[in-house]
Structure formats: structure tokens, C-alpha cells
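S.K.: Mind having a look at this structure? Questions to follow.
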């Protein structure tokens with residue numbers, strides 16, 4: 001077949017890349033439709049910002065287009081693609097490091113990660129609120145991790161890749177990977193605990209301030225009477 005318009009999602013990734021090498025833009029569009037969401041999810045987890053993730057998404061597939069001829073089939077297509085994705089995210093993180101600190105917009109993360117997930121029976125709004133708050137905690141803590149920690153946690157827990165594939169994407173030996181992932185999780189856990197402590201202290205300070213204000217108001221009323 002000469003035109004990618006004739007092929008559908010049954011076409012292999014390798015066949016589509018071969019067509020990209022021949023400047024077939026429709027083949028790239030098929031790859032984009034196939035991998036847009038998982039690539040965006042990984043970018044978003046690493047960059048913690050919707051605008052940057054969208055810009056990086058476009059750049060990833062430009063790189064796929066340009067590098068199609070370099071794919072030799074020595075690893076899975078997804079390994080090759082996620083390596084391009086992680087390198088692109090790292091470039092974005094380095095370029096903005098001195099510009100600003102960005103927190104994750106968790107609402108957008110919900111839209112991306114759970115847009116196609118069916119609604120659960122017995123949906124409880126209170127449980128949903130607790131889940132959203134927990135997700136927000138983790139997302140905020142994730143934004144404070146190093147780029148390597150963020151990549152490893154994202155690939156293992158959110159992309160659900162196995163150790164072998166993560167090892168190839170992150171260029172870390174399998175034996176080292178388990179240690180690095182364990183330490184990354186420990187750092188993430190500590191950041192979450194620290195956030196909880198800071199939140200509790202802020203809440204206590206607000207309560208103390210409010211109580212003092214009420215007492216002062218009561219005293220003023222008594223004096224006026």
C-alpha cells in the first residue's frame with residue numbers, strides 16, 4: 001500500500017515508521033493518535049504543567065518523524081518512543097529550571113488519565129474528594145523530585161512498564177533500577193509526610209488566629225455594653 005490513508009490501527013508501529021521514512025505524514029498521524037495519551041501522560045507527570053506538556057508532545061512526534069530512519073528494531077517501539085519522550089521532558093525541565101516553579105494542575109491530570117475510564121457503580125462523592133486530595137498531594141510532591149526520580153516513578157507506577165523496559169528507557173541497569181526506584185519512592189513518601197505536617201501546622205495557626213479574633217471581638221462587645 002502506498003498511502004497511509006489506506007491503513008488503519010492494524011498496521012504495525014514498524015510499518016508506520018517505515019512509511020514515515022518515506023515522508024508519509026498520514027503514517028505519523030496514525031502513530032500520534034495511537035500514542036498521544038500515554039506520551040502526554042508521561043510528559044505531564046514529569047513537567048507538572050499543561051502548556052509545557054502540550055508543547056513537548058508536539059516536539060516528541062516531530063522527533064519521531066525525523067528519527068524514524070534511526071529505529072533499528074533492537075528494542076520495542078514503545079521503549080524507543082518513551083526514551084524520546086523522557087529526553088524531551090528532561091530538556092524542558094532544564095530549560096525552565098531558572099524560570100519558574102510550577103505545581104501540577106490536578107484537574108487536567110484527571111481529564112487525561114481518567115477520561116476513558118467507566119464510572120464506578122456506587123460512586124461516593126466523599127470518597128472521590130479524598131482520592132482527589134490524595135492525588136493532589138502526590139502530584140505536588142512529585143513536582144519537587146529530581147527529574148530521574150520523577151521519570152522512574154512515572155514509568156513504573158503510572159505507565160505501568162516493567163523493569164526491563166524502564167531500564168532501557170532510563171539507561172539504568174536492572175539491578176540499579178530497583179534501588180533507585182525504592183529510593184525515589186522513599187523521597188516521595190517523605191515529601192508527602194512533610195506536606196501533611198506543614199498543612200497541619202498551617203491549620204493550627206489559622207485556628208489559633210481565629211480563636212484570638214473571636215476572643216478580642218467578645219471583649220470589645222463586653223466593653224461596649
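The values are calculated or read from the model by the stated rules, or taken from the named source; none is laboratory data. Remember, it's a predicted structure, so these values are computed and weren't measured experimentally. Every residue, glycine as well, gets a Cβ built from its backbone with ideal geometry; the counts of neighbours run over all protein chains shown.
S.K.: Write out, first by first residue and then by second, each pair whose Cβ atoms fall under 9 Å of each other, whose residues are 6+ apart or on separate chains, and whose first residue, in the stretch 175-198, is on the phi > 0 side of the Ramachandran plot and touching a residue at least 40 places away in the same chain (Cβ under 8 Å) while the second is surrounded by fewer than 11 Cβ atoms within 10 Å (Cβ to Cβ) and part of a helix (DSSP H, G or I).
M.R.: none
S.K.: Go over the candidates 205, 186, 216 one by one and state the one that is surrounded by 11 or more Cβ atoms within 10 Å (Cβ to Cβ), part of a helix (DSSP H, G or I), out of contact with any strand residue (DSSP E or B) (no Cβ under 7 Å at 6 or more places or on another chain) and modelled with pLDDT of 60 or more.
M.R.: 186
Quick grid of which residues meet (1) under 11 Å from the mean Cα position of the chain (by Cα); (2) at pLDDT 95 or above; (3) buried (at least 23 other Cβ atoms within 10 Å of the Cβ); (4) on the phi > 0 side of the Ramachandran plot:
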residue	(1), (2), (3), (4)
26	no, no, no, no
32	no, yes, no, no
35	no, yes, no, no
40	yes, yes, no, no
50	yes, no, no, no
72	no, no, no, no
75	no, no, no, no
80	no, yes, no, no
85	no, yes, yes, no
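S.K.: OK, next. Considering only the stretch 138-148, I want to know if a residue exists there that is part of a helix (DSSP H, G or I), touching a helix residue (DSSP H, G or I) at 6+ places or on another chain (Cβ under 8 Å) and modelled with pLDDT of 90 or more.
M.R.: yes
S.K.: A further question follows. Go through the stretch 61-92 and give me each residue that's over 19 Å from residue 158 (Cα atoms) and part of a helix (DSSP H, G or I).
M.R.: Correct list: 61, 62, 63, 64, 65, 66, 67, 68, 69, 70, 91, 92.
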